[in-house]
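Asker: Provided herewith is a single structure, encoded as structure tokens, for subsequent inquiry.
The values are calculated or read from the model by the stated rules, or taken from the named source; none is laboratory data. Keep in mind the model is a prediction, meaning the values are calculated, not measured. Cβ atoms come from the backbone with ideal geometry, glycine included; neighbour counts cover every protein chain shown. Just the protein is used for accessible areas: all its heavy atoms, side chains included, with ligands, DNA and RNA removed. Shrake-Rupley method; radii C 1.70, N 1.55, O 1.52, S 1.80 Å.
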Amino acid sequence: MAGGVRKTVLIAGGGLFFCLLPWAAHYFGEQYLVSLFTRILIYSLAAVSLDLLIGYGGLISLGHAAFVGIGGYVTAIFFQHSFEAEPLAGIIPGSENALLVWPLAVIVAAAFAFLIGSLSLRTSGMHFIMITLAFAQMLYYFAVGLEKYGGDDGLSLYSRNQLVGMDLANDVHFYFVCLFFLSLFLLISDRLVKSRFGLVLRGAASSSRRIHALGIHGRRYKLICFIIGGAGAGLAGALLANQTEYVSPGLLHWTMSGELMVMVLLGGLGSLFGPVLGAAVYLLLEETLAMYTEHWMVYLGPILIVVVLFAKRGLFGLLTHRD
Amino acid sequence: MILLVEQLLNGLQLGITLFLMSAGLTLVFGIMQVINLAHGSFYMIGAYVGATVAAATGSFILALAGALGAAGVAGMAVEILVLRQLYKRDHLDQVLATFGLIFFFNEMTRIIWGKQPLFMDIPTWLKGNIELLPGLIYPVYRLAVIVVGAVVALLLWYLFSRTRLGMQIRAGASNRDMVSALGVNIKLLYTLVFGLGTLLAGLAGVMAGPIFAVESGMGESILILTFVVIVIGGIGSVRGAVVGALLVGLVDTLGRAFLPTLFRTFLSSSYADSVGASLASMSIYIVMAAVLIWKPRGLFPSHH
Amino acid sequence: MADYILQVKNLCKSFGAVEASRDLSFAVQRGHIHALIGPNGAGKTTVLNLLSGELQADSGTIFLNAKKINKLPVHQRVSAGLGRSFQITSIFESLSVSENMALAILAGEGHNFRFWRNAMTVGVVKRELAGALARVDLSDREEQLAGNLSHGEKRQLEVGMALVGKPQLLLLDEPMAGQGAGGTVELKKLILGLKGQTTILLVEHDMDVVFSLADRISVIVYGHCIASGSPEQIRTNPEVQMAYLGEQ
Ligand SMILES: Nc1ncnc2c1ncn2[C@@H]1O[C@H](COP(=O)(O)OP(=O)(O)OP(=O)(O)O)[C@@H](O)[C@H]1O
Ligand SMILES: [Mg+2]
């Protein structure tokens, strides 16, 4: 079977699997699978958005969790102000309406991505990695310092957002909402990387010197990529806040950024659909290892090193390539 | 005034710790072009081994020796087993593999020493306070940390500017092809530099032991400060590490001590405290951003 | 008076103690294949970098079509009519051959902030891609990753990409380096075929190639142009012989 056909089969099969999962869970009486896979969908969304940065923009950001956290906090803060009927900063009313809050989460995350990206993209290589990490950590400490919104302890939502025509409190409804957003983001990303913008972006990632010689400002393309990735992560954050009905500074912590990166690599860098597989495998592995031993990280660490050293293309690559 | 001097000393002490962390790491970045996230793990190893030896033998000197040895040996082992495979890889692989190392080391300490933090006593001969200036009473132990750090900085300076090994290391940081062309055993040099770096991290860890709690994951918060130092100072520059470390140490300490008070002069007190505290914890990142806008490659960029 | 497309006057550039360009002057006539030769490390690549704008000269002036360009950034020099192929192969290794070429085509087509439509189906790409690939004999390689091409094919691709923008002056840095005998013949044919379409400034070590292709030759030694002239004049110039013999 040719690589392209395999890829199509794999994606179609994956899509079918995700569509049927709630019924399967119901049939087998394993309802918790729905919320487990909701988590997988949301992390997939975050991982795909990171894959746009790393796999297509060549931007090794170690601060991607910041945008997940921002999305989550925007959602939670608006919830809190709505719940306590006390306008934000005295003028902006809170809201529990998903159609309002989620786009806002995306916009705020994108705005932060613009700020952080403009500064970080002044550098490249190792500097870029460390600077994105440092900025994310700065926001982490900022969240810890937000006494009004729970500080270290985080903030509870008491219930999920409202979405017309849907009952988000129902796990299956919420599952399909997440599936919808993941699919939408995958579609957008897939078009994006094949578009003129995407071509230039991939070119700039491959050789910024050469792109420059073609008369193109590669950095602008990278910045837009960084912003789009941040926006995707912001949406993931809003969804995650709804799923767990809770946000905490841990969302922004750099280990979260690292885990997202692991998902991307595990699934396959620069493959968009790979990170979905990566997120699923990572979270399931975590779940399974944790069942046998509380010290699962001691196994996960070396597994990670082995994957890095020996399986460059990730699982998606293994499944779609011959040789 | 007294308060200011006291806080300056505290800032100096944090700066010294950061210098010990960043001196080794910046060389690893500069010479081997490897980004190593696991450097904080050696800080943690130093602290754990130090605390254990101190508890078992009651001797701080033995604890120091044990911590330095453990961190140095663990460092060299990691270099030989893992890092070596990564020199030719791209930064992403290095980030992920060393991230895996962090998972491993953090969990390993939890398995060996349990979840509860360890506490390390200040040795009796360094207990107590000393009156530095009239009215300025300062803990002897913290003063000792500053002195040790300063001595190490001098030793490093001597090593780099006066010895053959130091010349090779410096040459390697600015032009590694050149060094191998000169017939220096690069593999051994790399292992030694890495081991030296982790040994210094272990020293920072054991000295921090009596001041902070010794716990799993303690390496990561200091690691990120170390990154900020290196970004500010410039990758591969020991001089940059000195300046960056002192800058970060002072800004962080002084910010935490004085920003809330400063805000209280024109804001209501509870609000001022929280804004001030928030800003204080972000202050070093703001400094970093400022340096970045001004000099994207750090204050002392090495020439590649 | 001759029609000069490029005039370089008193260019100086030092890297620390190394004077890579030392009061360097020469001129290139429109329509010529003009070769730059000189011993290793003479400063030929440096000149090309100064021309393309990757390096800034310490002093001196560069005229392209009688317009001063030495203060312009790289991309403005590209739109002023410069195209170049690098000495160190620097195609986009992780893109396919046709994507490389499409990128070169799209670079001259205004901004690329188009996010939805597939780049390969854009009108100009559809119109020009096949021709651009055929021109450098890469039609049967279009799906390959550029990184997997042979050394010679990479060169062909680079030259092809440099040609896409229809540059008035094409800078070629050692296009023959690393080519087998067959590749050299192919590339020679290609470059000869370009004559009349564009002016070429060619840096090359292979003297057979230089003397059979070039209309004029400039000789650079230690960053200074010691002679310019027709191949015949250069061959018989005693200073040039000295320089080359002295070096070896
Ligand atoms: N970026 C740089 N930094 C420092 N020195 C440089 C740099 N680029 C070139 N040089 C020096 O300038 C001199 C001229 O180099 P250049 O690459 O221009 O020579 P060249 O004629 O192209 O040589 P070759 O025939 O080997 O390609 C050399 O001594 C080289 O070492
Ligand atoms: Mg050259």
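Asker: Relative contact order, percent, of the range A:30-254 when contacts are C-alpha pairs under 8 Å separated by at least 6 residues? Don't skip to the answer; put the middle values down first.
Answerer: Values: 359 pairs, mean separation 97.2, N = 225.
Once normalised by length, the contact order is 43 percent.
Asker: Separate question: Roll a 1.4 Å probe over the protein chains and send me the accessible area per residue for the range B:2-216 in Å². Don't skip to the end; give the middle numbers.
Answerer: Values: 8950 Å² over 215 residues.
Result: 42 Å² per residue.
Asker: Over the protein assembly as shown, consider all pairs of different Cα atoms and compute the Kirkwood hydrodynamic radius from their mean reciprocal separation; express it in Å, one decimal. Can you show the working numbers first?
Answerer: Details: mean 1/r = 0.0331 Å⁻¹.
Value: 30.2 Å, from the Cα pair sum.
Asker: Tell me the per residue accessible area of chain C using a 1.4 Å probe; a whole number in Å² is fine. Don't jump to the answer; show the numbers that get you there.
Answerer: Numbers: 10930 Å² over 248 residues.
About 44 Å² of surface per residue is accessible.
Asker: Quick one: dipole size for the range C:97-248, taken about the Cα centre, charges +1 on Lys/Arg Cβ and -1 on Asp/Glu Cβ, in debye to the nearest 20. Mind showing how you got there, number by number?
Answerer: Working: 14 positive and 19 negative charges, 125 e Å.
Around 600 debye, computed over the range C:97-248.
Asker: On a C-alpha basis, how far is the centre of the range C:116-171 from the centre of the range B:1-65 in Å? Whole number, if you could?
Answerer: For the range C:116-171 versus the range B:1-65, the Cα centre distance is 55 Å.
Asker: Cα-Cα pairs above 30 Å in the range A:30-254: how many percent?
Answerer: On the way: 6425 of 25200 pairs.
The share of Cα pairs beyond 30 Å in the range A:30-254 comes to 25 percent.
Asker: How large is the charge dipole for the range A:30-254, taken about the Cα centre, if only the Cβ atoms of Lys, Arg (+1) and Asp, Glu (-1) carry charge, to the nearest 20 debye?
Answerer: The dipole magnitude comes to about 1560 debye.
Asker: Something else: Just which residues of the range A:134-169 lose 10 Å² or more accessible area with every protein chain there, against their chain alone, with the probe set to 1.4 Å?
Answerer: Listed in order, they are A:134, A:135, A:137, A:138, A:141, A:142, A:145, A:147.
Asker: Accessible area of residue C:30, 1.4 Å probe, to the nearest 10 Å²?
Answerer: My reading of the accessible area for residue C:30 is about 110 Å².
Asker: Pick from B:52, B:265, B:163: which is most flexible by mean-square fluctuation in a GNM of chain B where alpha carbon atoms under 10 Å apart are linked?
Answerer: B:265
Asker: Keeping the other protein chains in place, figure out the carbon and sulfur percent of the accessible area of the protein assembly as shown, with a 1.4 Å probe. Kindly include the intermediate steps, with their values, before the conclusion.
Answerer: On the way: 22770 of 36250 Å².
The nonpolar share, carbon plus sulfur, comes to 63 percent.
Asker: Sticking with the crude label model, points 7 Å out along Cα→Cβ, report the distance from residue B:89 to residue A:281 in nm, one decimal please.
Answerer: 1.5
Asker: Under a point spin-label approximation (7 Å from Cα along Cα-to-Cβ), what is the residue B:187-residue B:294 distance to one decimal in nm?
Answerer: My value for the distance between the label points is 4.5 nm.
Asker: Right, here's the next one. Determine the relative contact order of chain C: mean sequence separation of Cα pairs under 8 Å and six or more apart, normalised by residue count, in whole percent. Could the numbers behind the result be given before it?
Answerer: Values: 448 pairs, mean separation 68.9, N = 248.
Here the relative contact order equals 28 percent.
Asker: For chains B and A, what's the summed buried accessible area, probe 1.4 Å, to the nearest 100 square angstrom? Show your work: numbers first, answer last.
Answerer: Values: alone 14810 and 16140 Å², together 26760 Å².
That pair hides around 4200 Å² of surface in total.
Asker: Could you state how much accessible area is buried at the C-A interface, both sides summed, with a 1.4 Å probe, in Å² to the nearest 100?
Answerer: Values: alone 12290 and 16140 Å², together 25630 Å².
Accessible area lost upon association: around 2800 Å².
Asker: Sticking with this one: Among the aspartates and glutamates, which fall within straight-line cross-link reach of residue A:148, defined as a Cα-Cα distance under 18 Å, with same-chain neighbours fewer than 8 residues apart omitted?
Answerer: Filter leaves A:84, A:86, A:245, B:273.
Asker: Per residue, how large is the accessible surface of chain A? Use a 1.4 angstrom probe and give square angstrom. Please list the in-between numbers first.
Answerer: Numbers: 12570 Å² over 323 residues.
Per-residue value: 39 Å².
Asker: Between residue A:36 and residue B:268, what's the calculated FRET efficiency when r is the beta-carbon distance and R0 is 56 Å? Round to 0.05.
Answerer: So, using R0 = 56 Å, E works out to roughly 0.75.
Asker: For chain B, calculate the relative contact order in percent as a whole number, restricting contacts to Cα pairs under 8 Å that are 6 or more residues apart.
Answerer: Numbers: 459 pairs, mean separation 105.4, N = 304.
Rounded, it is 35 percent for chain B.
Asker: Could you tell me the center-to-center distance, by alpha carbons, between the range B:73-141 and the range C:188-248 in angstrom?
Answerer: Centre-to-centre (Cα) distance: 62 Å.
Asker: Per-residue counts of other Cβ atoms within 10 Å, averaged by peptide: what ranking do you get for B:26-32, B:215-221, highest first? Please report the intermediate quantities before stating the final value.
Answerer: On the way: B:26-32: 25.7, B:215-221: 20.7.
Packing proxy ranking, top to bottom: B:26-32, B:215-221.
Asker: Moving to a separate point now. Out of A:301, A:57, A:90, any idea which swings most in a Gaussian network model of chain A, alpha carbons joined below 10 Å?
Answerer: Looking only at A:301, A:57, A:90, the biggest GNM fluctuation is shown by A:90.
Asker: Right, here's the next one. Calculate the spin-label point distance for residue B:133 paired with residue C:109, positioning each point 7 Å from the Cα along the beta-carbon direction, and give it in nanometres.
Answerer: 7.1
Asker: Residues of the range B:255-304 that become at least 20 Å² less accessible with every protein chain present than in their own chain isolated, using 1.4 Å: which are they?
Answerer: B:274, B:278, B:281, B:282, B:285, B:288, B:289, B:292, B:293, B:296, B:297
Asker: Quick one: how many Å² of residue A:196 are accessible to a 1.4 Å probe, rounded to 10?
Answerer: For residue A:196, solvent-accessible area is about 20 Å².
Asker: Please give the calculated 222 nm ellipticity per residue for the protein assembly as shown, where each DSSP H segment of at least 4 residues contributes -39500 (n - 2.57) and the sum is spread over every residue; nearest 500 deg cm²/dmol? Could you put the intermediate results ahead of the total?
Answerer: On the way: 33 runs with 544 residues, N = 875.
-20500 deg cm²/dmol, from helical runs alone.
Asker: Right, here's the next one. Could you please state, rounded to a whole Å, how far the C-alpha centre of the range C:31-80 is from the C-alpha centre of the range A:129-204?
Answerer: Measuring centre to centre over Cα atoms gives 48 Å.
Asker: Could you calculate, for the range C:91-166, the ratio of the Cα radius of gyration to the Kirkwood radius, expressed as Rg to Rh?
Answerer: Details: Rg = 11.7 Å, Rh = 12.3 Å.
Taking Rg over the Kirkwood Rh, I get 0.95.
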